[in-house]
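Since the structure comes first, as structure tokens, the remarks are kept for the end.
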Amino acid sequence: MSLLQEVWQAVKAIGTGMATVHKRVYEEAPTEFYPYVKPELPPVSVQSLALVENEDGSERCIVCLQCERACPAQVITIERHRNPEGKGFLIDRFDIDLVNCMYCAACVEACPVSSIVTIQDFEMSTYDLQTLKADIDFLHEQARRARQWYSPKFGVELRTDDGRIEKAPPEMQPGGLAEILKPAEEVDS
Amino acid sequence: MGLLGSDERPRDVILGTLDDLINMARSRSMWPLTFGIACCAIEMMATWDPKIDADRFGMFFRNTPRQADVMIVSGTVNKKLAKRLRRLYDQMAEPKWVISMGACANQGGPFRQGYSVVEGVDKIVPVDVYIPGCPPRPEALLQALLLLRDKIADRELRYKKPREIPADYDVMAEPGKDGRLPVL
Amino acid sequence: MRPIPIPEDRHFRPRLIGYDPQKSRPWLERTVYAAYVFVFWLIVIATYAGVPALFGALGWDGGWGFVLMRVLQVVLLFLLSAVIALLLILVLRKYLGKVQERFGPMHYGPAGGIQTVFDALKLLAKEDFVPAAADALTFRLAPAVTFVASFAMFAVIPFASGWVLADTNVGLIYLIAVSTLSAYGVLLGGVSSGNKWALIGALRAGAQMVSYEIPLALVFLTVAVWSGTLRLGGIVDAQLGLWNFLPLALPFVLYVIASLAELKHIPFDFPEAESELIAGYNVEYSGMSFAFFFLAEFVELFLLPALIVVFFFGGWHGPLFGIEPGSLAAGALESLYFTLKTAVWVWIFLWIRATLPRYRDDQLMEFAWKAMIPLALFGLVLAAYMRLIWR
């Protein structure tokens, strides 16, 4: 009798499994159509680095070398000289080796003026590695192309259509502020 | 890879068209090798999951190198692994392509001055497309695969092969002046 | 989600080809499948009605003309098997995609409809490699043996009444003989590769296919006892009142299980178990040789469900709407019924493939020898008794 019971259980299990599988056919796929539709990433996601200029085109970077010291993969190379006309330093060379960079954003955290920031452009694949050896012009271009960027000091910043740099509204900011400002029912769900 | 193993597109109208057709087919049916090395391999798996679904573009994994077209080097390549990787590459049937995924495979990444790490997989096998990132997003891998597709389908681009490395090249045998491997 | 910006310098963007803004188009997919089935149907009509009619009109239906006609029919059947493989691989990939809540191939061609054509073209142009450790002649021969063994089963498959290449009265025995041959191809291919995975896969294939050949042959015998004939057309004609799957329920279930094993199909895909043996017996094959293994596998995936339909589901029988039997229109309609019934069974096989996990190897053999063969013998005896009592 137990053999028949086993057989019946096996048949029942296979039937249940096949019914479950068949139900899956009618469920909607969560596929994002990547190359045609670009996913909107959260602002804190570190996909690439950029160097932000001020609105008037001057450097925001004060060449303090904090990022170079903080970098665990040692991909940042900075050369500087003293400003002959006033305080501070001027940049001779600011290279980030985006090939070897491990996108940990330690440099972004270390930057006291939020000059070096993270952007969400992940489409960096290339036929030639030399396109990823970023010099200062490329890093500026990255910042100009990005519509928004993130640094821990200033939060999410936006570039408006007329070229001004603004702090993003609180609902776009990551972390605690956005959670507080959300309607209560949204948080519950 | 040309139609009959030649290195340039046939000038003949019929053969040239056939060459374009065959390469179009090759570009639209790239089967990668199931070969994961490190954490990038997790993202490589995620590229075939329902959210990204690279199978939309006719790509699915083949387990044996004989039937695979694309090798995705997904992770840190040690000097010990380098010989195995080269062997797998040699076992793949022509035409074959390589994608280098992530900082470690590109140039060693954070481990690039380690005693055991090959600084760039393009020292061992000719690489067609590089992906930066540590690890790259699954979308970035899909972008690289589609860039490779465009490269194969393009008339001029597909004959620009990367530098060929001889099969008996030994990473262990060729240190630089400072005792380390030269950085490309 | 926002549309992609214009490509800029130093940033490479993939070309956006084959985009369909609507996520899924089930009707387009069904139209693609229907188009493939329509081509299939046209080839069947051309093979079994068109070619004989043409040769009859030309007066070449004797001597060498007859041989030429048969050769032409076989060439058309080869085309048919190519269409079957293209369609079934596409359906398999799209169906597995749906089950896994994703889309299968969908950007090349209408709803991904010509993806498998690209695959076939690529395999055609890929390097066909013979390893140094392999026995070159056997290695080359094995895919051909596998494919021919599957392909030869077409000879006795009746697509409609009278639409069969060889309506021989030993059809069942021929089937048993030919389906056993495909084990040879797999075995030869695996052993001659000079590769340990291939060897293990081939030995597994040999053990599995020989073991499951016995219940399969016993089921064939049961059907023959019940129908009183070894001719496949006769078996179909004997089911005019009652389809065989009702009186022969037990042999029918056994046949489905044994044909799954014969197909090397999940849950019995030991010879090419990906997670255990890299690709099993075809691990060293590339290019067109591999494509022929694939072709053989998918032709069998059509033929064994077709045999289910012939043995248990009334073959080509269906409502004829007053068309005179024996005419061209009746033949076309009957072959359509046959094709659709087979399609349902192919879908069930794919459904099983999408659901079940793989057995363990010893369980497989135990199941064959301890369960399948006694049950098949019991079914044979039962069918003989029922035949004595009721007919």
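Amide H of residue C:129: which non-local residues (sequence gap of 5 or more, or other chain) have their own amide H closer than 5 Å, using H built in the peptide plane?
C:286
Taking every residue in B:137-147, how many Cβ atoms of other protein chains lie within 10 Å of its Cβ, on average?
Average per residue, whole number: 6.
What does the average come to when, for each residue of peptide A:102-111, you count the partner chain Cβ atoms lying within 10 Å of its Cβ?
That works out to 2 on average.
In the protein assembly as shown, what cysteines have no partner Cβ closer than 4.7 Å?
A:61, A:64, A:71, A:101, A:104, A:111, B:39, B:40, B:104, B:134
For residue C:78 and residue C:180, what does the FRET efficiency come to when R0 = 22 Å and r is the distance between their Cβ atoms, rounded to the nearest 0.05? The partial results should precede the final answer.
Details: r = 22 Å, r/R0 = 1.00.
Efficiency, rounded to the nearest 0.05: 0.50.
Considering amide H positions built from the backbone, and no H for Pro or chain starts, which residues 5 or more places from residue A:89, or on another chain, come under 5 Å of its amide H?
Correct list: A:83.
At 20 °C and 1.002 mPa s, grab the translational diffusion coefficient of the stretch B:40-156 from Stokes-Einstein with a Kirkwood Rh over Cα pairs, rounded to a whole number in µm² per second.
148 µm²/s
Using amide H atoms built 1.01 Å from N in the peptide plane, name the residues 5+ places from residue B:98, or on other chains, whose amide H lies under 5 Å from its own.
B:71, B:128, B:129
Ordered by residue, what ³J(HN,Hα) values in Hz, to whole numbers, does the stretch B:16-30 give under the Karplus form 6.51 cos²θ - 1.76 cosθ + 1.60, where θ = phi - 60° and Gly and Pro are x?
x, 5, 4, 4, 4, 5, 4, 6, 4, 4, 4, 5, 9, 9, 8
Among C:259, A:151, which comes first, second and so on when ranked by fewest other beta-carbon atoms within 10 Å?
A:151, C:259
When the gyration tensor of the protein assembly as shown is built from Cα positions, what are the square roots of 5 times its three eigenvalues, in whole Å, from largest to smallest?
The three semi-axes for the protein assembly as shown are 59, 28, 25 Å.
For the pairs B:151/C:122; B:80/B:160; A:133/B:123, note any where the Cα-Cα span goes beyond 22 Å. Spell out each step's value before the answer.
Working: B:151/C:122 16 Å; B:80/B:160 30 Å; A:133/B:123 18 Å.
Long pairs (Cα-Cα over 22 Å): B:80/B:160.
Ordered by residue, what ³J(HN,Hα) values in Hz, to whole numbers, does the stretch C:159-167 give under the Karplus form 6.51 cos²θ - 1.76 cosθ + 1.60, where θ = phi - 60° and Gly and Pro are x?
7, 7, 5, x, 8, 8, 5, 10, 7
So what's the Cα pair-distance distribution over the stretch C:38-185, bin width 10 Å, in %?
For the stretch C:38-185, the binned pair fractions read 9, 26, 31, 25, 8, 1 percent.
How big is the Rg/Rh ratio for the stretch C:186-232, C-alpha atoms only, Rh by Kirkwood, two decimals?
1.29
Thinking of the stretch C:15-125 as a set of Cα atoms, what percent of all their pairs are more than 25 Å apart?
Summing the P(r) of the stretch C:15-125 above 25 Å gives 39 percent of all pairs.
How big is the shadow of the Cα convex hull of chain C, averaged over all directions, in nm²?
24.6 nm²
DSSP H helices in chain C with Cα extent of 20 Å or more along the helix axis and mean Kyte-Doolittle hydropathy at least 0.0?
Those that clear 20 Å and a mean of 0.0 are C:26-45, C:64-99, C:136-151, C:171-192, C:196-227, C:287-312, C:328-355, C:373-390.
Give me the Debye-computed log₁₀ of I(q)/I(0) at q = 0.09, 0.12, 0.16, 0.22 Å⁻¹ for the stretch A:48-175, equal point scatterers on Cα only, no solvent, two decimals.
Taking Cα atoms of the stretch A:48-175 as identical point scatterers yields -0.25, -0.45, -0.80, -1.43.
Hey, rough spin-label estimate for residue A:19 and residue A:87, points 7 angstrom out along Cα→Cβ, what's it come to in nanometres?
Those two pseudo-labels are separated by 7.7 nm.
So what are the ³J(HN,Hα) numbers for the stretch B:69-78, from phi and the Karplus equation (6.51, -1.76, 1.60; θ = phi - 60°), rounded to whole Hz, Gly and Pro as x?
For the stretch B:69-78, the Karplus curve yields 10, 10, 10, 9, 7, 10, x, 5, 9, 7 Hz.
Using 0.36 nm per residue, how much length does the chain from residue C:133 to residue C:327 gain when fully extended, once their Cα-Cα distance is taken away?
64.2 nm
Regarding the stretch C:78-159, what is the average projected area of its C-alpha convex hull, in nm²?
Dividing the Cα hull surface by four gives the mean projection, 8.1 nm².
At most 15 other C-beta atoms within 10 Å and a DSSP loop state: those are the exposed chymotrypsin sites (Phe, Trp or Tyr not before Pro) I care about. Give me the longest piece of chain C that has none.
After excluding every exposed loop site, the longest remaining stretch is C:61-320.
Show me the three semi-axes of the equivalent ellipsoid for the stretch C:139-286, from the C-alpha gyration tensor (sqrt of 5 times each eigenvalue), largest first, rounded to whole Å.
Result for the stretch C:139-286: semi-axes of 32, 17, 11 Å.
Starting from the Cα of residue A:87, draw a straight line to each of the lysines and keep only those under 26 Å, dropping any in the same chain fewer than 8 residues away.
Result set, ordered by chain and number: A:153.
Quick one: if you stick a label point 7 Å off each Cα along the C-beta vector at residue C:124 and residue A:70, how many nm between them?
The answer from the label model is 5.8 nm.
With each run of n ≥ 4 DSSP H residues scored as -39500 (n - 2.57), what mean residue ellipticity at 222 nm is computed for the protein assembly as shown after dividing by its residue count and rounding to the nearest 500 deg cm²/dmol?
-15500 deg cm²/dmol
From the gyration tensor of the Cα coordinates in the stretch C:294-336, what semi-axes in whole Å does the equivalent ellipsoid have, largest first, with each one equal to sqrt(5λ)? Mind dumping the intermediate values first?
Numbers: eigenvalues 139, 29, 7 Å².
So the three semi-axes of the stretch C:294-336 are 26, 12, 6 Å.
Read the figures in this text as sums done on the coordinates, not as results from a lab. All values reported here derive from a predicted model rather than from experimental measurement. Neighbour counts run over all protein chains shown; Cβ positions are idealised from the backbone, glycine included.
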